[in-house]
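Engineer: This is the structure I want to talk about, given as structure tokens.
Rule-based calculations on the coordinates, nothing more; no lab input. Bear in mind that the values here come from a model prediction, so they are computed numbers and not experimental data. FYI the Cβ positions are ideal-geometry reconstructions off the backbone, even for glycines, and counts take in every protein chain you see.
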Amino acid sequence: MSEALIIGAGPAGLMAAEELAQAGVSVLVAEAKPSVGRKFLMAGKSGLNLTMDQPFETFLAAYGADAGALRPMLEAFGPDQVKDWAGGLGQELFTGSTGRVFPKAMKASPLLRAWLARLNGMGVEFATSWRWQGWEGSGFAFDTPEGRRVMRPEVAVLACGGVSWARLGSDGAWAQYLGTHVAPFQPANMGFNVPWSGHMKRHFGSPVKGVELRAGACVSRGEIVISKDGIEGGGIYAVSRAMRMGAALEIDLMPDVAEAQLWARLARPRGKMSLGNYLRKTLKLDAVKLALLQEFGRPLPDDLTGVIKRLPIRHEGPQAMDRAISTAGGLGFGALDAGLMLQHRPGVFAAGEMLDWEAPTGGYLITACLATGRWAGRAAAAYQGKSAAR
């Protein structure tokens, strides 16, 4: 029987398994899906943004109210350590103009293959299509292809994921086994529903570039995409937390042009040009920005300066949880000790997205999953060593 059980084969679970195996502990990783790392591989389809190349305090600040709880884990395994770890798996990296760090391969599969090969070489075992069904006394009950199994390891790490992308394994079913210690799930890094009028249909799928988004005190420069259901993309994800908490969204369609300069341009005679042609020629606004102005700026005022710089975006709230990049809510840090061990379940640790923290996209999510997985794995190895010595 394995001395350590990991439930969940995403980045947090695999990192915990590596730490335990390095400590000489035999490890079994149980994964509900038929293969491991499914969400990790899906994230890699857009380039696998592993981390950010920026000063540590700037990096930490991106976690907002959760920065304090995550600080020790990220100090031990932050952006520099993530880059070293990926390099140790044979992955060449590069840093983009915004500080985002990617493998040169621009996908997750080479890194995951190298990682699994290393774990297999360390003796880590994998059991796929094993779905955790909660506790049976001191044991962990699973539905497996061979029937019901109950495991009683010396230590365990729960790395069960959040609630987004359920088809890839993160369905939140584990929450029922941890009861009142779990904060309600909410979508994070998500798009927002917009009831478009008919004239917007031609712009579905169009990117909106070179804009600035503001929601309360949160400001984002990034691309958004007009979809049939609403607005999506990195720019909107960066302000989604503030929007979820009730802040109104405004878009500056020309953030690099000062208000006085914009007013001066708009003071030029329009002549017989239609308003659309006038704005296109005078301000160089493209078709999709003009469409957004018509959609949300009506009735258009005589002086368009204010509405171009502060265009209010009406929406009907976040899109469905399962469409979100990640989730807020989950197992609260108050239910855990400093080593991420459940206070009411000695020897059971937790890590990754199932914990109650959130972060923007840009490598922050993967870095914190790796960092908490490593932290929990090390703490579990230390706990197992102490138990074995008794």
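Engineer: What ³J(HN,Hα) values, in whole Hz, does the Karplus curve 6.51 cos²θ - 1.76 cosθ + 1.60 give for segment 317-323 when θ = phi - 60°, with x put for Gly and Pro?
Structural biologist: Taking θ as phi minus 60°, the curve returns x, x, 6, 4, 3, 6, 8 Hz for segment 317-323.
Engineer: Would you mind counting up the charge near V257? Only other residues with Cβ under 13 Å from its Cβ, with Lys and Arg at +1 and Asp and Glu at -1.
Structural biologist: Result for the local shell: 0.
Engineer: If I take R0 = 41 Å and measure r between the Cβ atoms of A382 and R270 in this structure, what FRET efficiency does the formula 1/(1 + (r/R0)^6) give, to the nearest 0.05?
Structural biologist: Calculated value: 0.05.
Engineer: Sticking with this one: Can you list residues whose amide H is under 5 Å from Q319's amide H, if they're 5+ apart or on another chain and H is modeled 1.01 Å from N?
Structural biologist: Amide H to amide H, under 5 Å and 5 or more residues apart or across chains, Q319 pairs with G191, F192, N193.
Engineer: Springs between alpha-carbon pairs under 10 angstrom, Gaussian network model over the chain: which of L48, L292, L342 fluctuates most?
Structural biologist: L292
Engineer: Roughly what would the spin-label model give for Q261 and N277, points 7 Å off Cα along C-beta, in nm?
Structural biologist: So the two model labels end up 2.7 nm from each other.
Engineer: For G329, enumerate residues with amide H under 5 Å from its amide H, sequence gap 5+ or separate chain, H modeled in the peptide plane.
Structural biologist: Q186, W357
Engineer: Give me the number: length gained by fully extending S138 to D303, i.e. 0.36 nm times residue separation minus the C-alpha to C-alpha distance, one decimal in nm.
Structural biologist: 52.4 nm
Engineer: Per residue of segment 260-271, in order, report the coupling 6.51 cos²θ - 1.76 cosθ + 1.60 (Karplus, θ = phi - 60°) as ³J(HN,Hα) in whole Hz, putting x for Gly and Pro.
Structural biologist: Whole-Hz 3J(HN,Hα) from phi for segment 260-271: 5, 5, 5, 4, 5, 5, 6, 7, 5, x, 8, x.
Engineer: Here is a follow-up. Just to confirm a number: summing +1 for Lys and Arg and -1 for Asp and Glu over residues other than G222 whose beta-carbon lies under 13 angstrom from that of G222, what do you get?
Structural biologist: Taking every Cβ under 13 Å from that of G222, the sum is 0.
Engineer: Compute the distance from the alpha-carbon center of segment 336-354 to that of segment 137-181, in whole Å.
Structural biologist: What the calculation gives is 14 Å, centre to centre.
Engineer: How far is helix 109-121 tilted, in degrees, relative to the longest principal axis of the Cα atoms in the chain, given as a value from 0 to 90 rounded to the nearest 10?
Structural biologist: So the helix axis and the longest Cα principal axis differ by about 10 degrees.
Engineer: Let me ask something else. Tell me what the chain gives for mean residue ellipticity at 222 nm when only DSSP H runs of n ≥ 4 count, each as -39,500 (n - 2.57), the sum divided by the residue total, rounded to 500 deg cm²/dmol.
Structural biologist: -9500 deg cm²/dmol
Engineer: Now for a separate question. Could you give the alpha-carbon Rg of the chain over 2.2 N^0.38 Å, rounded to two decimals?
Structural biologist: Relative to the 2.2 N^0.38 Å estimate, the chain comes out at 1.13.
Engineer: A further question follows. Compute the angle between helix 364-389 and the longest alpha-carbon principal axis of the chain, please, reported from 0 to 90 degrees and rounded to the nearest 10.
Structural biologist: So the inclination is approximately 10 degrees.
Engineer: Using the Cβ atoms and a cut-off under 12 Å, what net charge is assigned to the surroundings of A247, where Lys and Arg are +1 and Asp and Glu are -1?
Structural biologist: Its environment carries a net charge of +2.
Engineer: Can you run phi through the Karplus equation (6.51, -1.76, 1.60; θ = phi - 60°) for segment 133-150 and list ³J(HN,Hα) in whole Hz, with x for Gly and Pro?
Structural biologist: Computed from phi, the couplings for segment 133-150 are 10, x, 8, 10, x, 8, x, 10, 8, 10, 8, 10, x, 9, x, 6, 10, 10 Hz.
Engineer: Order these peptides, 230-240, 368-378, by their mean beta-carbon neighbour count within 10 angstrom, highest first.
Structural biologist: Packing proxy ranking, top to bottom: 368-378, 230-240.
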